[in-house]
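Input: a single structure, listed below in structure tokens.
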Amino acid sequence: MPARPRIACLISRLESCHQEHWLGAVEEAERLGLDLVTVVGRELAGGPGAPANPAYDLLDPAAFDGFLVWTTKLALDGGRAPVEALARRLTHRPTVSIESPLDGAATVTVDEEQGTYEVVRHLIDVHGARRIAFVRGLSTHSGGELRHRGYLRALRSAGLEPDPALITRLLTASSPMDVEGIRDVRRMLEEQPVPDAVVAASDSLAVGAASACLDAGLRVPEDVAVVGFDDFSNLDHFDLDHFDGGHLDGGRFECGRAESGVHPPVGGNPRTVRVKAAGLPLTTVRSPFRAVGAEAVRVLAGLLAGDPVPPERTLDCELVVRRSCGCVPAVPHLPDDTAVAAALRSTTGRKPVCPRNPRWAEDLVAALRAARDDGGRGLTAVAEELFRHSIHLGEASDPWGEVLAVLRAAAGDDAAAVRAVLDVEQSWRHLRRLVERQATVVRDVGQEIVSASPWQRCAEVLAEQLPRLGVDTCYVALYDDPQDGPHDGTGPGGGTAPSQARASLALAYERGRVAQPTPDDASFPASDLLPASRWAGLAGRSVVLLPLDATTTHLGYVLFALGPHSGAVYESLAHHLATGLHTSLLLQEQGRARGELEGRVRERTAELARANAELREQVAERLRAEEALAHQALHDSLTDLPNRRLLNDRLEVAAERVATGGAAVAVLFCDLDNFKWINDHLGHAAGDDLLRMFAQRLRRATGSRHLLARFGGDEFVVVATGPSTARDVVRLGEQVLASCAGAYPLQGRDVFVNVSVGATYAVSGRPTAEQLLSEADSALYLAKRRGRGVVALYDASLQTEIGRRVAVETGLHAALRHDALELLYQPKIDLATGRMRAVEALLRWRHPQQGLLPPRAFLDIAEESGLVVDIGTWVLRRACRDAQRWQRMSVDAPTVHVNLAARQLSDPRLLDVVDAALEDSGLDPRLLGVEVTESRLLADMAGTGAVLAQLAERGISVSLDDFGTGYSSLSWLQQLPVHEVKLDRSFICDIVENSHDQRIVRSVIDLAHVLDLVVVGEGIETPAQRQLLASAGCDFGQGYHLGRPMRPEALVQRLGLPRTGRVGAGLRLDGLAG
């Protein structure tokens, strides 16, 4: 470790005003004998597509004596939470937070609120402004809120109430020409009366506001005064060619250029707002950028010396009055040389011009007075020395305009002095152009680095170019694992823990030459930043560390011993070096693979043969890649069949061939009927396996003559050329069914899959691909309507059927909204006693045109559309309400049974719906029963059984409807919560004449009774059927002979229930057929 204290400065960037802060800290650290390591990085926590900055993870608090944290700047780029997390790692070391407080750290801030207060009071007290607008800054900039508070305080202190219409919203982008920000300013300028003045939260925002004023036809400051904050401008903002009265005018901001000088119309795109080129001498509040950095170092030095944490240090801002507020700069009164020197110092404010020469102003005055004797050579020499020193310190250019203006005024009528000042102005402009060319040199160096290869050459090029930039010491360290670099392990991206990450030196450039590598350079802990031997050579020098990141890859970091005081140089070098290294590493990896291939070829062939073979291989590889990409773009990745895009292209060609009298074309739409069930119950992997196997069978069934494509999901399309008759098309569809329907091995068992096919064909006319696909899809719908597993051919009546189904679905929605659904109730009669024990709720739709419709007219459409769930909910609630009303009338009121559709049973909300219906109606759950068809239970025995079990636990009886139509057996019914089975009417209709049906019915009844199940016979239409079922032991019967479906009022009347009150027991319904 060096003998001098080592401190770290954490800052987001080095350019613009950040450079001023940083240089203030650098200069003060050098003056106090502190070694300063500046760590640069904008992202502490990472962001979309960007990694977290590994440089901060590398910091070992034990390796530094103290820390400077530029809290506001870091939070502006990455948010405050990551900054606070970083500060917690540093709490056991002295820490100073700059511009914003941090727990456990001393704080140095700027009184931005008071600065804004003073400039607003200047507008009020000096210029009489009353309607003063405020342009707010970024939402993440804490200083912007302080400046906003100063604005409000100044208004209220003058008895003015802030007008919300004159305060813009917070900006979300850093550009002063932000679209929403400029629009807010324009809207504000449209207020009547127009604001007297605009106060902006920064100078760049003031430039944008002035542009908006000029764009709206308002003069600055004649119509609207504009003031800013910061008083910082870099070379890109300053116009070297603008003169005013023969001398440069300081504090000038350029608003833009327009070739014709004509303003764009109001309401144009703010991102392209361009006003006539004009200098704007901006009245502003000068922020003590360098003084803040210097003060922070002094506070930290005190902490290192054992001083307690001091109270927050607040530095004052300075009001700089220029022309944009309406003030006319007074001609400086320069009665003597002492006054001239004082005026020169006042132009630069707190910014250091030449710290090594505190009498710089007096030297300039003395040289000016000697111009008559030496022809101005002395003044030029002194000024150029000051210019060069200012440039070396990274000074912005704007103070020198005012310095030269004072010299011009001090020259007076002395012709020799005037010529000397003009020579100095020319010299100054020349030196500034040299600085501008330095930026070009930086770009050229960056391009040299990026173009270098292999990666070792990047470091060599950097070493060759550093002297051009005045950098004499630089180290490039690369991580052993460049993919992720070090990471603290708390966020995404993985990587090695900082305490374990290692690095090696790719370049050690010391004192103007490349140093010989040492064994320590080959591998050292990355948290040390450099081997100990290298640190020894940096004693007494400030160091800048920047990460080398390329997209999401952490390559390493670069350290510079401070040379030129230009943050842009270091940031540009780090950026280009990272790009060059990353590119070189990629090229090296590609070169290694290519070299291995070429080596194998060289072992077997002569040199010419090797060259030819390599060329052929490269060409072939490129062709294969192009073919693969073309194939992927036009084929389904799962089945490798043509996709919808290729299908449309080929089908359009086939349709055009038909239109020109060519071969006929047929389109077959194939769909797997129970694919969703397989996906839901066996998983998507099984579904993918099924689709692949189905595609293979379909390819075998159709052969290579026809185009086969996957349309999407479980839908496939066959385009066949040649079939010219309906029979040919249907035969092809039947061939598909024969080959593709059947058992598929999935997850160790055979799963039966059915297929439906819809087909259409065109022999003549002008069909289109879209028309043919639509017709085939309509035919597929018809196939599914016919029971699935069939081939259906398109005809025009399908459109009528589709229109009918759409009308039914629309009407059902309206019926639910307008309560057009009704319930009829059909009795279930005890065949032994003739008493009614239960009723089944049967749904009807009172159609506005067609009258009362039975379920067969609409229920299948409701099931397919999913509307059956809402309808089923309505049925449950209405049936429970009716049953509760009957229960209040009589203790012998019948139980009500409700049918549950397939979609209801798979709806996870079913149990909640049932509970709500019972709770709302107050019905005893024992008076409610549900009926489920045997086919539904067989389709999903596990899932449906679980739902029925939970209903049975509530006391609700469960009935198995249409029993005997499936493949179930009574043996497994004892495993399910079923209370009764309903014999399907197909067994009852011929029971009197068919002795075989009689034996089946008796057997089923006997077995059901053994399992303690109640048996209900459906469809009893005659006395003989009833008598035969009663003699066979059937418990209950249901049918038109025993009772037709009836409205609730009719049921109450048939039962003899009073409108209110109770009825007597013993009511019989023998022979009720109404």
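Worth pointing out:
- Peptide ranges 286-295, 998-1007, 584-593, 317-326 listed from the most packed, as the mean C-beta count within 10 angstrom indicates: 286-295, 317-326, 998-1007, 584-593
- Cα→Cβ-extended label distance, 7 Å offset, between residue 916 and residue 628, nm: 5.4
- Calculated FRET efficiency for the pair residue 443/residue 663, C-beta based, R₀ 41 Å, to 0.05: 0.05
- Anisotropy class of region 635-795 from Cα gyration tensor, a/c 1.5 cut: prolate
- R0 of 25 Å, Cβ-Cβ distance residue 160-residue 219: FRET efficiency to nearest 0.05: 0.60
- Label separation (residue 704 vs residue 314): 8.7 nm, computed from points 7 Å beyond Cα along the C-beta direction.
- Peptide packing: for 1016-1026, 950-960, the average count of neighbouring Cβ atoms within 10 Å per residue gives the ranking 1016-1026, 950-960, highest mean first.
- Calculated P(r) of region 807-1055 - Cα pairs past 22 Å, %: 55
- Residue list for region 601-625, given a label point 7 angstrom along the Cα-to-Cβ vector of residue 456 and an amide N cut-off under 14 Å: none
- Extension gain (nm, one decimal) between residue 614 and residue 307, 0.36 nm per residue minus Cα-Cα: 103.3 nm
- Additional length obtainable on full extension of the chain from residue 986 to residue 810, 0.36 nm per residue less Cα span: 60.0 nm
- Distance between the pseudo-spin-label points of residue 605 and residue 589 (7 Å out from Cα toward the beta carbon): 2.8 nm.
- Extension gain from residue 692 to residue 1010, taking 0.36 nm per residue of separation minus the Cα-Cα distance: 109.7 nm
- Proximal aspartates and glutamates to residue 676, defined as alpha-carbon separation beneath 16 angstrom and excluding residues fewer than eight positions away on the same chain: 688, 689, 714, 715, 863, 864, 907, 940
- Three-way shape call for region 712-864 based on the alpha-carbon gyration tensor, with the a/c threshold at 1.5: oblate
All of the numbers you see were taken from the coordinates with simple rules; none came from a lab. The shown structure was predicted, so the numbers you read here are calculated from the model rather than taken from an experiment. All Cβ positions, even for glycine, are placed from backbone atoms using ideal geometry, and neighbour counts span all protein chains on display.
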